[in-house]
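Derivation of every value follows stated rules applied to the coordinates shown; laboratory data play no part. What you see is a predicted model; the values in this text were computed from it and never measured. Please note: Cβ atoms are built from the backbone with ideal geometry, for glycine as well, and neighbour counts cover all protein chains shown.
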Amino acid sequence: MRRPAGGGQRGQSLVEFGAALPVVLLLFLGAFDVSAYVVDSSRAQTAARQGARLASILGGQACVPSPLTQAQVDLAVAQNVQAVASTMSFSSPNTIYVYLPQASDGIFNPGTDKYTKFTVSGSAVTQVSNNLQLSDRNQFLPNESSLGVEMDWSYRPPTGLGAPNLSQKSWAVFKAMAEPTGC
């Protein structure tokens, strides 16, 4: 019995395609996971930066006393961070810290920094602890305080490949809005 010419080639191509397809599919899914992580990481950094900016504007109010209390100021900052973080597609914020960094690099250290801690559950932001007061926030030149916001968040890969959850931190530090010394 004779085989038709080229019939074996089609079978070989089909086997090669079947062997390569899972590898190519895993590469595409992995690329999708990485790109989703990069987008969420950028949004988390934007949320922290927006919170630090708001903290620097609302904090202190040395010359014009604010009608807001310290708890209201920090809650407004945490709610702002949560609102911006809600745009993350595959991640969610867990904890938000509003802090007064002692280190020159601005990285949050709960052992040395005064801070207010919030937990986030869905759209609810709840204050957990506080040792940072409005009076700690100096707004007078040239010694205005740095105010930082750190958001701890979790990333869940959309395809389910790789690690089930990645815990990350995003933070930003701004100087408190300065007031002239002669107010």
Structure-based [θ]222 nm, the chain - -39500 (n - 2.57) summed over DSSP H runs of at least 4, per residue, nearest 500: -13500 deg cm²/dmol
Top positive-direction residue, dipole computed over the chain with Cβ charges, set ALA103, THR159, LEU25: LEU25
Kirkwood Rh, angstrom, the chain [1 / mean 1/r, Cα pairs]: 19.0
Paramagnetic reach from ALA71 in segment 111-145 [backbone N under 17 Å; point 7 Å along Cα→Cβ]: 115-119, 125-135
Mean projected area (nm²) of the alpha-carbon convex hull when segment 133-183 is viewed from all directions: 5.1
Dipole in debye (nearest 20) - segment 7-175, about Cα centre, beta carbon charges: Lys, Arg +1; Asp, Glu -1: 180
Using alpha-carbon coordinates, inclination of helix 70-85 to the longest axis of the chain, degrees: 20
